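Below you'll find the structure, written out as structure tokens, and then a few comments.
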Amino acid sequence: RVVAVIMVGGPTKGTRFRPLSLNVPKPLFPLAGQPMVHHPISACRRIPNLAQIYLIGFYEEREFALYVSSISNELRVPVRYLREEKPRGSAGGLYSFRDYILEDNPSHIFLLNCDVCCSFPLAEMLDAHKIYGGMGTVLVIKVSAESAHQFGELVADPITKELLHYTEKPETFVSELINCGVYVFTPAIFAAIQDVFMQRRGKAELRRVTSFEALQSATKSIPADYVRLDQDILSPLAGKKELYTYETLDFWEQIKTPGMSLKCSALYLHQFRYTSTHLLASGNDTKRASITGDVYIHPSAKVHPTAKIGPNVSISANARIGAGARLISCIILDDVEILENAVVIHAIVGWKSSIGKWSRVQGGGDYNAKLGVTILGESVAVEDEVVVINSIVLPNKTLNGSVQEEIIL
Ligand code: GDD
């Protein structure tokens, strides 16, 4: 049997995702109309012999309760949220819930970061992992040399695929091959994490008896029960025939900023063509609107038949889109109202916001730039005939004049 664990992190980790993370935990922010964490969960559902899915994080339990029970019913696989009382790092968090994880006596454990967007080739990874015969297999991808430093960089044997060397976010270039934040392990991973605890304790003890100065430096270092999977496990175990790599040639992105969520929404909408066509709005449905490219429209949303929608648009529950409105590359959240002839391009429109007649809310479309996507927080009102370009507007603001390249606090 197989168990999957998805690391969802906690509120302090989501600061780069503001203002969208002010309303909803980042893992529940909708991409292609589904909560971010829904995409790895549905990928896990396709693993043969899956017994359980655990979400581990330090958000309040009630923030996930509703989602976890509805997704368990929908997928007919138990999904459970386990709350850490404090962050223990990716490996420390996993270790602290080992009793739950080992309950089903799994032969393999998948570990997935919640904030990555990819096709999650989990079954293929598991097959490769069984052939390699190590303790763990890491999903890897080649990225450009300029962007590699934002990730864990690694070197793998071209023939055996063994992980030979691993450095987390190095200052000098090591390799274009990076860690995708998706792993499969045998239960031996728990012994490896325990070894790190023991070594730490041993070192602290040694320092305590050797000198007062050393003790001072030890107290400044990371807590003994904080273990990071990358630095503390992958780096020391590289080159010991314990860890292997599986390279994906498909898409992969990391979702740290609102701009990237728009890009990832597009990637997942496109993937729906192969996995969930029923979620894509169809261009033949003339009652609805004219649809171009990949579009998701929640069944409760009301879109005027003369509106033009797409490509890359997702419209959440109870949104209302007026006559002649034009929407391209945007995420429209719950209860938004877009009035007649308004235009929204490369933008995220927050819950309960409204955009007036003939208004224009637009970003430049550079997903990596700070102001490349225009973002309206919750309950922002853009009045009629107002133009908002490359800006971020915090919740509850009313815009009665046009703005460009501004952050409106
Ligand atoms: N539950 C829990 N507890 N989750 C955590 C904790 C923790 O203490 N710390 C981090 N996470 C979660 C985050 O929410 C995220 O989903 C994942 O674990 C990894 O987060 P970070 O440890 O902040 O690392 P990162 O995202 O900067 O980089 C990692 O992922 C990259 C791929 O996206 C590294 O492993 C990189 O090497 C890798 O390239």
Residue list for the range 99-145, filter: in a strand (DSSP E or B) and within 10 Å of the ligand (Cβ to nearest atom): Leu111, Leu112, Asn113, Val116, Cys117, Cys118, Val138, Leu139, Val140, Ile141
Residues of the range 126-175 satisfying the condition of being surrounded by 14 or more Cβ atoms within 10 Å (Cβ to Cβ) and of a type in the set (S, T, N, Q): Thr137, Thr167, Ser175
Exclusive hit being closer than 29 Å to Ala43 by Cα, modelled with pLDDT of 85 or more and more than 14 Å from the ligand (Cβ to nearest atom), set Ile193, Ile189: Ile189
Residue match in the range 292-306 (condition: over 25 Å from Ile41 (Cα atoms), buried (at least 23 other Cβ atoms within 10 Å of the Cβ), of a type outside the set (Phe, Trp, Tyr) and under 24 Å from the mean Cα position of the chain (by Cα)): no
Conditions (1) in contact with a strand residue (DSSP E or B) (Cβ under 7 Å, 6 or more places away or on another chain); (2) farther than 27 Å from Pro19 by Cα: number failed by Ser265: (2)
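For the range 311-356, what are the residues that are small (Gly, Ala, Ser), under 26 Å from Thr257 (Cβ atoms) and surrounded by fewer than 20 Cβ atoms within 10 Å (Cβ to Cβ)?
Ala317
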Cβ-Cβ under 6 Å pairs, at least 6 apart or on other chains, the range 1-21 side modelled with pLDDT under 85, far side surrounded by fewer than 20 Cβ atoms within 10 Å (Cβ to Cβ) and hydroxyl-bearing (Ser, Thr, Tyr): Gly14/Ser21
Flag if Glu205 is assigned to a helix (DSSP H, G or I) and either at pLDDT 95 or above or away from the ligand (no atom under 14 Å from the Cβ) (or both): yes
Subset of the range 232-283 (residues that are at pLDDT below 95, polar (S, T, N, Q) and surrounded by fewer than 19 Cβ atoms within 10 Å (Cβ to Cβ)): Thr275, Ser276, Thr277, Ser282
Filtered residues of the range 66-98 (kept if in a helix (DSSP H, G or I), within 9 Å of the ligand (Cβ to nearest atom) and within 20 Å of Arg1 (Cβ to Cβ)): Leu94
Pairs, first in contact (Cβ under 8 Å) with a residue 24 or more places away in the chain in the range 86-98, second more than 8 Å from the ligand (Cβ to nearest atom) and aromatic (Phe, Trp, Tyr), C-beta under 7 Å, six or more apart: Tyr95/Phe190; Phe97/Tyr54; Arg98/Phe190
Matching residues, the range 168-186, being within 13 Å of the ligand (Cβ to nearest atom), over 16 Å from Ser107 (Cα atoms) and of a type in the set (Ser, Thr, Tyr): Ser175
Of all residues in the range 238-254 being within 18 Å of Lys169 (Cβ to Cβ) and among the hydrophobic types (A, V, I, L, M, F, W, C), the one that is farthest from the ligand (Cβ to nearest atom): Ala238
Top-ranked residue of the range 30-42 - restricted to ones that are under 20 Å from Ser353 (Cβ atoms) and part of a strand (DSSP E or B), ranked as farthest from the ligand (Cβ to nearest atom): Pro30
Subset of the range 8-29 that is away from the ligand (no atom under 12 Å from the Cβ) and part of a helix (DSSP H, G or I) - its residue that is farthest from Leu409 (Cα to Cα): Leu28
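The values are calculated or read from the model by the stated rules, or taken from the named source; none is laboratory data. On a predicted model such as this, the values are computed, not experimentally measured, just so you know. Note that we place each Cβ from the backbone using ideal geometry, even for glycine, and neighbour counts take in every protein chain shown.
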